[in-house]
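What follows is one structure encoded as structure tokens, with my remarks underneath.
The values are calculated or read from the model by the stated rules, or taken from the named source; none is laboratory data. The structure presented is a predicted model; accordingly, all values stated were derived computationally and were not measured. FYI the Cβ positions are ideal-geometry reconstructions off the backbone, even for glycines, and counts take in every protein chain you see. These area figures cover heavy atoms from the full protein model, side chains too; ligands, DNA and RNA do not enter into them. Shrake-Rupley method; radii C 1.70, N 1.55, O 1.52, S 1.80 Å.
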Amino acid sequence: MSRLLVRNIGELCTCDSERGDAPGVVKSAALIAEDGVLTYVGEERGLTRSLEVDTEIDVDGRSVIPGFVDAHTHIVWLGERSAEYAQRAAGVSYEQIALGDGGIATTVRATTAGTVDALTAAAAERARRMRSCGTTTVEVKSGYGIDTKSEVRQLEAASAVRALPGVPDIVTTYLPLHATPDGEHDKHVQSVIDTGIAEARDRATFIDVFCDPMAYSVDECERVLVAAQNQGMRAKVHAEQRSRNGGALLAARLGAVSADHLEHAEDGDLRSLAAASVVCVLLPGAALVLGGPPPPGRRALEAGATIAIATDCNPGTCFCESMPLMMSLAVATAGITPAQALVAATAGGAAALSLSDRGVLRTGKRCDVALLTTPHWMDCAYHMGGDVVGGTLVAGESTLR
Ligand SMILES: [Zn+2]
């Protein structure tokens, strides 16, 4: 057994609702983990003096929070789209670029041509940056292939990253309805149902669909999600991102784990999601880049829903690995408080991935934490773009700088 002690913590944010008001702060705190599992979370003066430890980390009065759980990313991609970024800044719309054979099609061509090794190397670089920003669990989607072989290579790359040092823990999601084949929707949807799901189900926990007028209809998404649920996969939906077309109600009807984006969701949609215990995943970076309405943070909370914050890290609409920056954007645009943002970026992310063993700091949970560079936890959001994370522990394993 290996015992780790983290002590001299100025503000320990547990994000545990049993510790009172969010984010459940304990001052002058310490935590102990044994073989990567928390066995003590509380005031330092409550510790046994004679305790023997294998590793001791003195954080010198700085703050400690749960590691971020980034529940929505697309980090397995090849190719380069910075020129498109500049085009959009000059006034060309996302839709115009997509219609001109640019946009996601560019990424699909480059990613489909890549080997598993090349995909793994590209994703690993992004995953390491995520961890250096405090992320200890990240969800990784496929979605930049159209044929099943390419999708499977992306899922294999995501799994290969999981085994590398210095990265977050990884959860995989099969996203077969994302990019669109030219004029062959029906054939593609049928092939996902006939063969894709069977190939993907041992390689991914979740299935996801892009329900959007430019991508796939509610009916197409429903057929694929139901087929996948029947084969044991759990559903997620990209919903109401650029217009309201029924993705949120589909997620509620099918009992999806999460509905993501939701910028155009109405209050009734959010109430339906809350009633069905579907987590609302806010992606404030993508919303800002695309220039539409902000994600519905306060509205979702008022509807009674659980919210999560994620980066949506992808080459088209949000090339960003930083969860602290997403918290800043959520506070600035989505009508939520810094405490609500921290809970959404940790416990909320874990809920959006159906992970009950992390996201809060409590005895019995994984020792997944971010060690901040500041005594004030709120700097995660308040110090916008700041270097606020000094290291992380994933199941007790450290990457301290
Ligand atoms: Zn996405």
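If you go through the stretch 24-80 and pick out every residue that is among the basic types (Lys, Arg) and within 16 Å of the ligand (Cβ to nearest atom), you end up with 0. For residue 365, the conditions (1) open to solvent by 20 Å² or more (accessible area, probe 1.4 Å); (2) in contact with a helix residue (DSSP H, G or I) (Cβ under 9 Å, 6 or more places away or on another chain); (3) closer than 21 Å to residue 170 by Cβ all hold with the exception of (2). Output yes when any residue across the stretch 291-302 is closer than 22 Å to residue 383 by Cα, touching a Ser or Thr at 6+ places or on another chain (Cβ under 6 Å), modelled with pLDDT under 95 and open to solvent by 20 Å² or more (accessible area, probe 1.4 Å), and no when none is. Taking every residue of the stretch 291-302 in turn, none turns out to be closer than 22 Å to residue 383 by Cα, touching a Ser or Thr at 6+ places or on another chain (Cβ under 6 Å), modelled with pLDDT under 95 and open to solvent by 20 Å² or more (accessible area, probe 1.4 Å).
If you take the residues of the stretch 348-388 that are of a type in the set (Val, Ile, Thr) and more than 10 Å from residue 67 (Cα to Cα), which of them is nearest to the chain's Cα centre (by Cα)? Of everything passing the filter in the stretch 348-388, 388 is nearest to the chain's Cα centre (by Cα).
Regarding the stretch 266-274, can at least one residue be identified that is farther than 21 Å from residue 139 by Cα and polar (S, T, N, Q)? Yes; the residues of the stretch 266-274 include at least one that is farther than 21 Å from residue 139 by Cα and polar (S, T, N, Q).
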